[in-house]
Structure formats: C-alpha cells, structure tokens
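These notes concern the structure reproduced below.
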Amino acid sequence: MYPSDITDKEWLILEPFVSQGKMGRPRTHDIRFIINAIRYVMKSGCQWRLLPKDFPPWQTVYDYYLRWRKNGKWQKIHDALVKKVREQAGKKPIPTVGIIDSQSVKTVQKGGQKDMMRARKLKVGNVI
C-alpha cells in the first residue's frame, strides 16, 4: 500500500467511470490497481518504467493512462468531480460567470500586421 493509493471512499466515486463494459475482452489486471499505479506516477513523478513491481506492468498502466487521455475519460472524470464539489459547496454545478482581469491575461502591446507595417514605414521615412 502506497500513500498515493485510492481510498475506498474515492473508489466509490471513481468506479462507475472505469467499470468494465460489456464489449471487449475481460481485464487481466484489477482496474483499481491500475488507477493506483497511475496515481503513483503522477504523485511521485517517477518514470513509467520505474513503477514498483507490485503494480501491473508499466506498459499496461501507461496504455490505460494514454488511452483515457486521448478518448477524454480523464476530462469526464475531472468535470464530474468539479460538479460534485461545487454542489457540495452549495453552488450550481456549472459556473455561470467568469471574471478575467488584466493582471491574469497578457494583452498584445502592438496592433495587428497592418499597424506594425505602418510603424516601420514611419520609422524608415523619418530616419530616426
């Protein structure tokens, strides 16, 4: 057992997202162990190939991680958890307002291509 392992409470929330579908061949490794291995890599920062031997083979773990990243499963899990946390905080599941201030968004200092060319012509014409 590792500190990064998923708790029983967390597993109850996550299990519906990763349960085995009716199609395809049966899994050879328990999906919870695969999730624990992915979390181990994410928390520890180790390389996939350096996963401890008590996890499923690193190739299997990486395959699940990559496939879920490509098909959007991680995003679906994230979005569902955000909604759940917002509801628990007494808010609407989806934010209705977004605020952006000038400190967090960098603005363009110059205009577009047309303004850039005009500035060059003025500079060359006046021989600054």
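Quick rundown of the values:
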| read-out | value |
| --- | --- |
| Likely footprinting exposure, 63, 8, 54, fewest C-beta neighbours within 10 Å first | 8, 54, 63 |
| Residue exposure sequence - 82, 61, 41 - by fewest surrounding Cβ within 10 Å | 82, 41, 61 |
| Length added when fully stretched, residue 101-residue 44, from 0.36 nm per residue minus Cα-Cα | 17.1 nm |
| Table column - 3J(HN,Hα) (Hz), region 92-100, Karplus curve with 6.51, -1.76, 1.60, x for Gly and Pro | 5, x, 10, x, 9, 9, x, 10, 10 |
| Length-normalised contact order for region 8-88 - Cα pairs under 8 Å, 6+ apart - percent | 24 |
| Cα-based equivalent ellipsoid, region 8-88: semi-axes from gyration tensor eigenvalues, Å | 22, 16, 12 |
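Any read-out appearing in this document is the output of simple, stated calculations on the displayed coordinates, not a laboratory observation. All of these numbers come straight from a predicted model, not from anything done at the bench. So basically every Cβ, Gly included, is an ideal-geometry build from the backbone, and we count neighbours across all protein chains shown.
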